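Asks: Sharing a structure with you now.
The values are calculated or read from the model by the stated rules, or taken from the named source; none is laboratory data. None of the values given here were measured: they were computed from a predicted structure. Cβ sites come from the backbone with ideal geometry, for glycine too, and all protein chains shown count toward neighbours.
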Amino acid sequence: MSWTALGSAMTGCTACPELAAARTTVVVGEAPRGARLALVGEAPGAQEDLAGRPFVGKAGQLLDVLLAEAGLDRDAVAVVNVLKCRPPGNRAPKRPEIERCRPWLDRQLDLIAPELVVALGLTSVGWFLGRGVRLGASRGVVHEVGGRRVLATYHPSAAIRFGPRGAPMAALREDLAHAARLLGG
């Protein structure tokens, strides 16, 4: 199945009735041909739901800046989410929603075939490393998960919440620079 065909199939998904009823758009994500890096976030926010693109709000603007600082071009990076639909009220994804969406993300990662995945935030890190994982303890090292190399880090929204001098901002900046080094950048 191609990226386009997969995206078309996703847009008709109603596996999570609450999410399907509340969404404006299924945010499939972006995967430029030959992307060596895939960023995996939690779920679309309000601006992403309206735009149909991942990471276009404040968290996305910060992510763009930090990617550029690390020497990574956003246009060459795949960007997807664990959930493809915005949870109502921007609540955290529920475990059954994550499990129903799992096949979509699995297939996306198979199609992208990145050399490295950066899991942004605890929902994404948990998707790869399992429930109960602690983000602070899992970041900074490359995890081998199902044949994929995964680097865990904070979500850009956590970096915003704790401010420019907060630990999540420093960790996210450091981890994206580490990702660039791992890719030879």
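Asks: List, please: which pairs have Cβ atoms under 8 Å, are six or more places apart or on different chains, and start with a residue in the range 62-90 that is at pLDDT below 95 and end with one that is crowded, with 16+ Cβ neighbours inside 10 Å?
Replies: Pro88/Leu19; Asn90/Gly45
Asks: Do we find that Ala119 is of a type in the set (A, V, I, L, M, F, W, C) and part of a strand (DSSP E or B) in this structure? Steps first, answer last, please.
Replies: Working: of a type in the set (A, V, I, L, M, F, W, C): yes; part of a strand (DSSP E or B): yes.
Judged against the criteria, Ala119 is a match.
Asks: Same structure again: How many residues are surrounded by 15 or more Cβ atoms within 10 Å (Cβ to Cβ) and in a helix (DSSP H, G or I) when one looks only at the range 92-110?
Replies: Qualifying residue count, the range 92-110: 9.
Asks: Right, next: Considering each residue of the range 74-91, count those that are assigned to a loop (DSSP other than H, G, I, E, B) and surrounded by fewer than 13 Cβ atoms within 10 Å (Cβ to Cβ), and give that number. Steps first, answer last, please.
Replies: Pass one, the range 74-91, residues assigned to a loop (DSSP other than H, G, I, E, B): 77, 82-87, 91.
From what is left, the residues that are surrounded by fewer than 13 Cβ atoms within 10 Å (Cβ to Cβ) are 91.
The number of residues fulfilling the criteria is 1.
Asks: What pairs can you find where one residue is in the range 125-143 and touching a residue at least 60 places away in the same chain (Cβ under 8 Å), the other is surrounded by 19 or more Cβ atoms within 10 Å (Cβ to Cβ) and assigned to a helix (DSSP H, G or I), and their Cβ atoms are less than 8 Å apart, with a gap of 6+ or different chains?
Replies: As it stands, the answer is Trp127/Ile98; Trp127/Leu105, since those pairs meet every condition given.
Asks: Still on this structure, please answer the following. Need pairs with beta-carbon distance below 9 Å; first residue within 8 Å of Cys85 (Cα to Cα) and within the range 22-36, second surrounded by fewer than 14 Cβ atoms within 10 Å (Cβ to Cβ) and small (Gly, Ala, Ser); sequence gap 6+ or separate chains.
Replies: Note: pairs meeting the criteria are Val26/Gly12; Val26/Ala20.
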